[in-house]
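Quick notes on the structure that follows.
The values are calculated or read from the model by the stated rules, or taken from the named source; none is laboratory data. Remember, it's a predicted structure, so these values are computed and weren't measured experimentally. Please note: Cβ atoms are built from the backbone with ideal geometry, for glycine as well, and neighbour counts cover all protein chains shown.
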């Protein structure tokens with residue numbers, strides 16, 4: 001039997017422990033998840049847009065948009081864990097579709113969308129694979145791509161975990177990415193780049209790439 005890709009193994013273990021629930025998304029807290037959604041919506045106006053949410057988990061971003069009265073034209077969420085998609089489907093969120101898809105292997109089968117979002121999805125991939133995925137997703141969107149990741153430019157403002165030294169922290173299965181290199185890469189793809197890491201004391205960063 002083939003072993004699962006390394007980036008899926010932590011989530012498979014989490015699903016075994018927690019089923020298709022929020023805990024299996026490996027977020028530290030719902031508050032942190034919502035803060036990341038707030039940042040996306042502070043930069044991007046998703047109104048009347050089609051959205052592809054990569055690594056959608058149990059559909060929390062779709063539910064967030066509905067609760068914020070942000071009226072998207074369509075929302076397609078994908079996740080590699082069937083249990084998470086089952087839960088997302090059971091929530092019956094209006095104007096949404098959810099499917100079991102591993103984006104690393106099957107991006108070419110996905111429908112084009114105005115905006116593609118990745119919240120927490122890249123963290124367990126490692127930087128090299130994450131960049132390949134970002135590259136493919138940006139080429140697949142019609143308007144733009146919004147994604148977040150753990151920043152390595154946080155040593156002077158680290159406040160998210162009080163008293164913890166980022167040099168010795170254990171973030172498994174996630175890892176920090178080279179923020180400066182990711183920004184340089186994004187700006188090579190498009191000059192229309194937004195960036196912030198002000199929302200968690202430098203712990204997390206968000207890049208939004210808009211097509212010219």
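Rundown of residues vs (1) modelled with pLDDT of 95 or more; (2) farther than 27 Å from residue 198 by Cβ; (3) crowded, with 22+ Cβ neighbours inside 10 Å, yes/no style:
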position: 42; (1), (2), (3): yes, no, no
position: 46; (1), (2), (3): yes, no, yes
position: 126; (1), (2), (3): no, no, no
position: 134; (1), (2), (3): yes, no, yes
**Request:** Hey, could you check the stretch 94-104 for residues that are free of Cβ contacts under 8 Å to residues at least 40 places away in the same chain and surrounded by fewer than 20 Cβ atoms within 10 Å (Cβ to Cβ) and say which is nearest to residue 7 (Cα to Cα)?
**Result:** 100
**Request:** Would you confirm whether any residue within the stretch 17-28 is at pLDDT below 95, surrounded by fewer than 14 Cβ atoms within 10 Å (Cβ to Cβ), at negative phi and outside any loop (DSSP other than H, G, I, E, B)?
**Result:** yes
**Message:** Looking only at residues that are farther than 19 Å from residue 118 by Cα and not in a helix (DSSP H, G or I) in the stretch 1-16, which one is modelled with the highest pLDDT?
**Reply:** 4
**Candidates 58, 51, 93, filtered to the one that is farther than 22 Å from residue 174 by Cβ and part of a loop (DSSP other than H, G, I, E, B)** = 93
**Message:** closer than 20 Å to residue 175 by Cβ and either part of a loop (DSSP other than H, G, I, E, B) or in contact (Cβ under 8 Å) with a residue 60 or more places away in the chain (or both): is that true of residue 115 in this structure?
**Reply:** no
